[in-house]
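Visitor: Sharing a structure, written as structure tokens. Questions coming.
The numbers here are math on the coordinates, done by the rules we state, and not lab data. Quick caveat: nothing in here was measured; it's all calculated off a predicted structure. Cβ placement follows ideal geometry from the backbone for every residue including glycine, while neighbour counts extend to all protein chains displayed.
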């Protein structure tokens, strides 16, 4: 088990986002902007679904890591801190999932 957290990853991404290192993938994503990072996030989401349905557990774990990384990049580019997402999750878990979902405007499957 590791003590590494999403907050740790958010800190690393913030530090690398401004790097001038041409080998930094994080810096290249940030330089290329939100459209590229949002597309990458979508690609990783699809790869996660495929892995969930047809791959070994290690592959699924790797794809989940990719998805979380790219999600944090998109949040960084939108200036939304992870703490805001965690606060929203906390708010949502204060009631049952079905109650929370029903309370959203235009809620559907």
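Visitor: For segment 53-73, how many residues meet the condition of being exposed (fewer than 15 other Cβ atoms within 10 Å of the Cβ) and more than 17 Å from the chain's Cα centre (by Cα)?
Guide: Within segment 53-73, residues that are exposed (fewer than 15 other Cβ atoms within 10 Å of the Cβ) and more than 17 Å from the chain's Cα centre (by Cα) number 5.
Visitor: Check every one of the helices (runs of 4 or more DSSP H) wholly within the chain and list those with 3 or more residues that are in contact with a helix residue (DSSP H, G or I) (Cβ under 8 Å, 6 or more places away or on another chain).
Guide: Hits in the chain: 6-17, 25-32, 34-54, 57-77, 82-92.
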